[in-house]
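Novice: Just dropping this structure here.
What follows is calculated from the coordinates using simple rules that are stated; it is not laboratory data. The structure displayed is predicted, hence computed values, not measured ones. Note that we place each Cβ from the backbone using ideal geometry, even for glycine, and neighbour counts take in every protein chain shown.
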Amino acid sequence: GFDVAVEVPVRARLFAVSESEFVLAMVVHHISGDGFSMGPLTRDVMVAYEARSRGEVPGWAPLAVQYADYALWQREVLGSEDDAASLISRQVEFWSRALAGLPDQLDLPADRPRPAVASNRGADHSFVVGADVHAGLNDVARESNSSLFMVVHAALAVLLARLSGTSDIAIGTPVAGRGEQVLDDVIGMFVNTLVLRTEVEGAARFVDLLASVREADLQAFGHADVPFERLVEVLNPERSQARNPLFQVMLVFQNMEQSVLELGDLTVAGVDAGSVSAKFDL
């Protein structure tokens, strides 16, 4: 664990697997870094390694902005919830309307009862979407003026509606929260979670459902600045240690590039940690 009031919540250890193979393990508290941060963090470590191997001090380029600058800017732009005309107030009002009456729980078929307190133990199931299916999904996206994410979201909503026997479907999705290019090199916690709500009518054509999903997604992405934890406080759903509030299924597009680096005679690549945790049902 970390005491974030005492130390910078980043820890590193180097493990020797053999005379020629080593593993550098880094633990970063989520309060100080998100998935996108791993790119610049890896780059900075490599710059440091290359410099130190030559007996020199790393020559990192100074950042144009610091995370503290972003935090101050965000607070200034969002304004106060006490001001009805502020951006944060308008976005909270949008979400209060969009998620009004949302069911507390989406019941999906399960092979075991839901525990009173979620264990957060999870598992992975991997499969490949064929190139022909991928091409077809992209065709549907182009024809409907939608993104690939929206098409997959609509298809997932149909599946969840059929599995649950309900029509009111909410899924969560993360957004990077880095709206300015100047933030690309900053290590910090920018990501936010959005709740995407869809009404799946059994008699509707998929093209019509996709149109409504597209509109709902665009509206959600346009109101993405309210922190999820604040949204939970405002909407105040029934709390339970057995499930995630507001949604229990998350859809994530992990389309970040995986890098393999060459530093002289050193080859560097990522290692799958192997442990799987799950905050959501699916």
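Novice: Using the number of other C-beta atoms within 10 angstrom as an exposure proxy, rank Asp34, Asp107, Asp132 with the fewest first.
Specialist: Ordered by Cβ neighbours within 10 Å, fewest first: Asp132, Asp107, Asp34.
Novice: Count neighbours as other Cβ atoms within 10 Å of each site's Cβ, and list the trypsin sites (Lys or Arg not before Pro) in the range 33-103 that are DSSP loop with at most 11 such neighbours.
Specialist: Passing sites in the range 33-103 are Arg54.
Novice: Taking only the Cα atoms of the chain, how large is their convex hull per residue, in Å³? Walk me through the intermediate numbers first.
Specialist: Numbers: hull volume 55.7 nm³, N = 282.
Value for the chain: 198 Å³ per residue.
Novice: Among Glu93, Glu262, Glu229, determine the one that fluctuates most according to a GNM of the chain built with springs between C-alpha atoms less than 10 Å apart.
Specialist: Highest fluctuation of the listed residues: Glu262.
Novice: Of Pro115, Pro227, Pro237, which has the largest mean-square fluctuation in a 10 Å C-alpha GNM of the chain?
Specialist: The residue that fluctuates most here is Pro115.
Novice: I've got another one for you. How do Val213, Val117 rank when sorted from fewest to most other Cβ atoms within 10 Å of their own Cβ?
Specialist: Val117, Val213
Novice: Antiparallel versus total DSSP beta bridges in the chain: what percent is that, nearest 5?
Specialist: 95 percent
Novice: Now, a different point. What are the trypsin sites (Lys or Arg not before Pro) within the range 196-261 that DSSP puts in a loop, where the Cβ has at most 15 other Cβ atoms within 10 Å?
Specialist: Counting only loop positions with at most 15 other Cβ atoms within 10 Å, the trypsin sites (Lys or Arg not before Pro) in the range 196-261 are Arg205, Arg239.
Novice: I've got another one for you. What is the fewest-to-most order of His125, His153 by other Cβ atoms lying within 10 Å of their Cβ?
Specialist: Ranking His125, His153 by Cβ neighbours within 10 Å, fewest first, gives His125, His153.
Novice: Computed on alpha carbon atoms, what radius of gyration and Dmax characterise the range 80-190, expressed in Å?
Specialist: Radius of gyration, then largest Cα-Cα span, for the range 80-190: 19.0, 52 Å.
Novice: When the chain is treated as a GNM, springs tying every alpha-carbon pair under 10 Å, which of Gln181, Gln74, Gln219 comes out with the largest mean-square fluctuation?
Specialist: Maximum fluctuation in the GNM of the chain, among the listed residues, is at Gln181.
Novice: Which part of the range 35-73 falls in the paramagnetic zone of Val4, meaning amide N under 17 Å from the point 7 Å along Cα-to-beta-carbon?
Specialist: Zone members listed by number: 35-38, 67-72.
Novice: Quote to one decimal, in nm, the extra length available between His125 and His30 on full extension: 0.36 nm per residue of separation minus the C-alpha distance between them. Mind showing how you got there, number by number?
Specialist: Values: separation 95, 0.36 × 95 = 34.20 nm, distance 2.46 nm.
Here the answer is 31.7 nm.
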